[in-house]
Ligand code: SAH
């Protein structure tokens, strides 16, 4: 089916951005089915792109290709192969058996996320288009990876915008426990010579923050002999690495008791000194204030909060939240102490984030320098035509 764009609305497609918003298309006689493949034509009927149709979403179509070529199993096989080959070239899995194999728009497959944890694949389908092709994707993933099990974690809120219900469970494979719907135990993954138990069935995202892989390693390298505070620690990615790097002490803070349990488990799993480790359940905003009032201090603070600003609309409120925790962290740091601070908010770009951190240091009355800029790991690439794919930014600052 053809979809005609309004005059002038072809510009983003000519720049190879893969989204078409509902306001850009001319009224339709017949509405295509959810996820169906459509041709996007300019107002003067020139072919622009072949895309999937999302009837409920403001993002009404997402581009599969800008060429006049068939969208079929072989088309997706090539995309999946290219994505896996890139990970292999960059040897992401050389140091880890947990890797993001497909990162949606960034790998040319809008809506599809696939993470590999050892021999298991965890798939997230987030859009009408990826839902339409889900069974094909599942077959291809088994064929192209040699894995035999795929667990689906299509329970992210964004599916609602696409008119899709949450869906989780075994998608491929004959795991007797999972196929009977028995809650699955964690899977143990290996990353840079450390082990982590990952709750792929119930954890955040697909269970683990793969995007922080290299940044965790950097924290390990910097943590020796330091008193470390790991805020928003989740299942202990940074805490485990800090202890493995020889930290003097690590305090892990999170509001989720379940996450803290897994954090302790991960420290035991790696035979790290539990006597150097403390967990504290609570709200980071309040606890940082309490630490300030108690005159506590640290040599290294990691701040890896949840997404405060999913889109630019939320940027103002998010700015206040980022500033608040970073200001308090600067106060709690000893002289020459290291702040490793992140934002995973798409609505706060790198320049704004740096400005916020500068404002936090200023208001804390401290002088500090940026020593390193951090980002998402290379298995979360960014298409040059889809800058929205870049969301994780981090700064390593030293307090003077
Ligand atoms: N650093 C982690 C990922 C952090 S995810 C890693 O590398 O694996 C964000 C975490 O923040 C979640 O575990 C969530 O439970 C926690 N969280 C969210 N709001 C919080 C708050 N106000 N105080 C403490 N923890 C919070």
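Coordinate-derived values only; no laboratory data. Note that this is a predicted model, so its numbers are computed, not measured. Cβ atoms come from the backbone with ideal geometry, glycine included; neighbour counts cover every protein chain shown.
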**Fill in**
Once normalised by the length of the chain, the mean sequence separation of its alpha carbon contacts under 8 Å that are 6 or more apart gives a contact order in percent of 11 percent
**Item:** Gain on full stretching of the segment that runs from residue 65 to residue 274 - 0.36 nm per residue minus C-alpha separation
**Value:** 70.0 nm
**Asked** Dividing the Cα radius of gyration by the Kirkwood radius, what Rg/Rh value follows for the range 119-237?
**Response** 1.03
**Two-site label geometry, residue 214 and residue 265: point separation in nm, points 7 Å out along Cα→Cβ** = 3.0 nm
**Request:** Kindly provide the helix-only [θ] at 222 nm of the chain, computed as the sum of -39,500 (n - 2.57) over DSSP H runs of four or more divided by all residues, to the nearest 500 deg cm²/dmol?
**Result:** -8500 deg cm²/dmol
**Gained length - residue 31 relative to residue 139, 0.36 nm times residue gap less alpha-carbon distance** = 36.0 nm
**Item:** Mean separation of Cα contacts under 8 Å, 6 or more apart, over the residue count of the range 120-162: relative contact order %
**Value:** 61 percent
**Request:** Please list the equivalent ellipsoid semi-axes of the range 1-52, computed as the square roots of five times the alpha-carbon gyration tensor eigenvalues, in descending order and whole angstrom.
**Result:** 16, 12, 10
**Asked** Build a GNM of the chain with springs between Cα atoms under 10 Å: which of 275, 135, 372 gets the top mean-square fluctuation?
**Response** 275
**Prompt:** How much length, in nm to one decimal, is gained on full extension between residue 258 and residue 384, taken as 0.36 nm per residue of separation minus their Cα-Cα distance?
**Reply:** 41.5 nm
**Item:** Fraction of beta bridges assigned by DSSP in the chain that are antiparallel (%, nearest 5)
**Value:** 65 percent
**Asked** If you average 1/r over all unlike Cα pairs in the range 134-181 and invert the result, what Kirkwood radius do you get in angstrom?
**Response** 11.8 Å
**Request:** Could you list the square roots of 5 times each eigenvalue of the Cα gyration tensor of the range 209-399, that is, the equivalent ellipsoid semi-axes, sorted largest first and rounded to whole Å?
**Result:** 24, 20, 16
**Item:** Rounded to 10°, Cα long-axis angle of helix 134-145 versus longest principal axis of the chain
**Value:** 60 degrees
**Prompt:** Cα-based Rg of the range 318-380 per 2.2 N^0.38 Å, rounded to two decimals?
**Reply:** 1.13
**Request:** Over all alpha-carbon pairs in the range 73-179, figure out the percentage whose distance exceeds 18 Å.
**Result:** 45 percent
**Request:** In a Gaussian network model over the chain where Cα atoms closer than 10 Å are linked, find which of 293, 211, 115 has the largest mean-square fluctuation.
**Result:** 293
**Complete:** With label points set 7 Å from each Cα along the Cα-to-Cβ direction at residue 317 and residue 156, the distance between them in nm comes to 2.1 nm
**Asked** For the range 209-399, what proportion of DSSP beta bridges, expressed in % and rounded to the nearest 5, is antiparallel?
**Response** 40 percent
**Prompt:** Pick from 14, 214, 141: which is most flexible by mean-square fluctuation in a GNM of the chain where alpha carbon atoms under 10 Å apart are linked?
**Reply:** 14
**Request:** Express the C-alpha Rg of the range 275-346 as a ratio against the empirical globular expectation 2.2 N^0.38 Å, rounded to two decimals.
**Result:** 1.19
**Asked** Taking only the alpha-carbon atoms of the chain, what semi-axes of the equivalent ellipsoid follow from 5 times the gyration tensor eigenvalues under a square root, in whole Å, largest first?
**Response** 40, 26, 17
**Request:** Would you kindly calculate the translational diffusion coefficient of the range 224-331, applying Stokes-Einstein with the Kirkwood radius from alpha carbon pairs, for 20 °C and a viscosity of 1.002 mPa s, and quote it in µm² s⁻¹ without decimals?
**Result:** 150 µm²/s
